[in-house]
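Structure, as structure tokens:
The values are calculated or read from the model by the stated rules, or taken from the named source; none is laboratory data. Owing to the predicted nature of the structure, the values given are computational and were not obtained by experimental measurement. Here the Cβ positions follow ideal geometry from the backbone for every residue, glycine too, while neighbour counts run over all protein chains shown. These area figures cover heavy atoms from the full protein model, side chains too; ligands, DNA and RNA do not enter into them. Shrake-Rupley method; radii C 1.70, N 1.55, O 1.52, S 1.80 Å.
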Amino acid sequence: MTSGFPTADGGARDRRRSPRRRLALALLALLAASPAGAATAPRLQSLLKSARVALAGHVDGVVEYDDGRVAVLAVAADQVFRGSVPGTPPLVQVVELREGATRASIASGARGLFFLRPAARTSYLAQTLPPGSYDQLLADAGAFVAADSPAELARQRDILGRVLKSLTGPGLDAAAQRQLTVLLLEADNPLLVEDGAAGVADLRAPLSPDEGRALEAALLRSALPERVRLALVRSVADARLTAMVPALQKIDAPPALMEAAWQALDALGAGLSETTLDERLRDPAAATRSAALREKLQRDGVAAIAAVAPLVTRDASPEVRRAGIDALGALKQPEGLPVLEVAFVDNDTELRQAAARAIYSIGGPPAVAALERLATTGPIDSQRYAVVALMLIDDPSKTAIVERLGKTHPDADIRKLITSGPETHH
């Protein structure tokens, strides 16, 4: 849920609601807000510090209990990096709670890196499992890093050994740290590549041939999760690695990644030409037009409003119109208000709500003036939305306007709304 006006299921459903019901929902949504969370990249150093036992190994067998709700993995350790594992060969019993689990179950034969802590001492586990000593994976992302082959497991062991060395004694020198970043970027598992993205700042220009090849290959690996590729693109821009400009220019999908690549190119002084960007504004794919619209406004600011206005108000795709509305709100410039006023009276209720939020983002007397105009023009539903927004906007210049509308607005229900107040009226 986002702050602002409510989300409707569609025009037909919205029309079946009474004006009061629709306006009450608008009021509730306008007052609501929900902060967005941010994901952080998994860090091998953090996992090593948190784990009681950290090892590279494979699952030698799996025993299930309580109809498969719980499993115990017999993990044979090929190399122990932290803690101790008893037995010859070293073996640790790892508990997996499979009912309601948020990560995929680990099968017999799986190999990789395991970061473990003592298993929770619950009455359920005590009643379900045979007596013994058990561990379980850390709750952190990356607590099990799968290796698809013995060769990849060997790479992971090399990587974790280097990370462990970075945490002890004098740590790694600059050259060794750069080598570690290359190994991470070349790893098969996306979790390790994501750690490599966090280490790109260690590379810095000029890149060696091996570093350049590893980083370019990672940027263009389409099989990587989008979040990992986004992290790579942003790290290249932050590190000012202009040698990666040709690789960034090759990224043309998915839209969010392509847009991030454009922004990185801007930061590196090699942004798209105006001709190319204008061509993207006319691209058949709505997602590409949306990305190009945001890029145009971010790059050119107020000067781009006239060029993007037709897409914001008349594009055939609601996705593109919504992208433009949100981008104008993010611009926070009153020059965007005339376009947002046109979007506000759109028959698509969700776009009207987005336009109201964008007007709020701009704020101040110009936003109040825009809402005053909208309160007496366009469809009666949009007038009601405008009146609610005007009553709730945090700007003192609204007071006299609201009082006057309470006496002169042509719609009796809206006059009653204003004089009674939205809370008591509904």
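Results, tabulated for the structure shown:
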| item | result |
| --- | --- |
| Unmet requirement for Asp346, which otherwise passes all of (1) open to solvent by 30 Å² or more (accessible area, probe 1.4 Å); (2) touching a residue at least 60 places away in the same chain (Cβ under 8 Å); (3) not small (Gly, Ala, Ser) | (2) |
| Hits in segment 237-255 - residues which are under 15 Å from Arg221 (Cα atoms) and of a type outside the set (Lys, Arg) | Met244, Pro246, Ala247, Leu248, Gln249, Ile251, Asp252, Ala253, Pro254 |
| Matching entry among Ala205, Ala201, Ala214 (being open to solvent by 20 Å² or more (accessible area, probe 1.4 Å), in a helix (DSSP H, G or I), of a type in the set (Gly, Ala, Ser) and free of Cβ contacts under 8 Å to residues at least 40 places away in the same chain) | Ala201 |
| Strands (runs of 3 or more DSSP E) enclosed by segment 83-180 - at least 1 residues per element that are closer than 29 Å to Val70 by Cβ and modelled with pLDDT under 95 | 91-97 |
| Test: residue in segment 401-408 that is free of Cβ contacts under 8 Å to residues at least 24 places away in the same chain, open to solvent by less than 20 Å² (accessible area, probe 1.4 Å) and farther than 24 Å from Leu293 by Cβ | yes |
| Residue list for segment 273-301, filter: open to solvent by 60 Å² or more (accessible area, probe 1.4 Å) and either touching a residue at least 24 places away in the same chain (Cβ under 8 Å) or among the acidic types (Asp, Glu) (or both) | Glu274, Glu279, Arg294, Gln298, Arg299 |
| Any hit, segment 240-252, residues being open to solvent by 70 Å² or more (accessible area, probe 1.4 Å), on the phi < 0 side of the Ramachandran plot, assigned to a helix (DSSP H, G or I) and charged (D, E, K, R) | no |
| Residue in segment 99-110 that is under 30 Å from Thr168 (Cα atoms), open to solvent by less than 80 Å² (accessible area, probe 1.4 Å) and either under 35 Å from the mean Cα position of the chain (by Cα) or of a type outside the set (Ser, Thr, Tyr) (or both) present | yes |
| Candidates Val75, Val95, Val85, Val80 - the one that is touching a residue at least 40 places away in the same chain (Cβ under 8 Å) and either touching a strand residue (DSSP E or B) at 6+ places or on another chain (Cβ under 8 Å) or open to solvent by 40 Å² or more (accessible area, probe 1.4 Å) (or both) | Val95 |
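Conditions (1) in a helix (DSSP H, G or I); (2) at pLDDT 95 or above; (3) β-branched (Val, Ile, Thr), marked per residue:
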| site | (1), (2), (3) |
| --- | --- |
| Leu337 | yes, yes, no |
| Arg352 | yes, no, no |
| Ile359 | yes, yes, yes |
| Glu372 | yes, yes, no |
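One line per residue, one yes/no per condition, for (1) under 32 Å from the mean Cα position of the chain (by Cα); (2) of a type in the set (D, E, K, R):
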residue	(1), (2)
Leu371	yes, no
Gln383	no, no
Lys398	no, yes
Gly406	no, no
